[in-house]
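To start, the structure itself, in structure tokens.
Every number in this text was worked out from the coordinates using simple rules, so none of it is lab data. Treat the numbers as computed from the prediction; the structure is a model and nothing was measured. Here the Cβ positions follow ideal geometry from the backbone for every residue, glycine too, while neighbour counts run over all protein chains shown.
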Amino acid sequence: MRMATFAALTLCTVLCAADKKSPQGHGEDESVAITATLVSPEQLREDFATDFGNNYTVLEVRVAPKGDTPYLVHLDDFILRSESSGEHSGPFLVASQIAGAGALVVERTYGHKANVDSPRPIESTKVVMKDDAKADPALDALKKRMLSEKTVSEPVSGLLFFPLAKEKPKNLVLSYKTPQGKLRLSFK
């Protein structure tokens, strides 16, 4: 009896771990609905055979226009912010910025917070230019999967890469500017 109970508990634990969903945020107004899902390094390795050095926060974003009016998806309207460090950035606009022959890598070192409400101060910034002889083999796959700027009438999905690394999902907020105002998506 004990062995059967142990086996059942083990199976439940494995099944619950397999059903773990990635953190997701959603926002909408009269013109558009936005859904963003955090992509894990494991999922990146599965899809692209690399996690890109774990240097990016990657979101799978779905943009669904409302009504009959065509909607312009503009990548500069997305801003990802860390509420713990205060760091924020827009997404990379083209795949070659992530997996091209050369890459500019910015590494920052942060100090300790002065108090709970203040962001961590930047202590140092190092910029390194990586110049490889050939492009990353993931470049073609990235070109197909990244969200692109275009006018749409139907829902579209794609990946957005932000140069924010090692951030906890609960600290991230995605802002998206629409014709009606700003949407703010928190990840749960």
Other-chain or far-sequence residues with amide H under 5 Å of S31's (modelled H): none
In the structure shown, do any of K144/K182; K66/K182; K21/K143; K66/K177; K168/K188 have a Cα-Cα gap over 18 Å, and if so which? K144/K182; K21/K143
Extension length gain for E123 and K168 (0.36 nm per residue less Cα distance), in nm, is 14.1 nm
Projected label distance in nm at H26 and Y110, using a 7 Å step from Cα toward the beta-carbon: 2.9
N54/E154 FRET efficiency (R0 35 Å; Cβ-Cβ; nearest 0.05): 0.55
Under the 0.36 nm per residue contour assumption, what length would be gained going from the current alpha-carbon distance of S96 and K144 to full extension? 16.1 nm
Pop a pseudo-label 7 angstrom from the Cα along the beta-carbon direction at both T69 and H88 and give the gap in nm to one decimal. 2.5
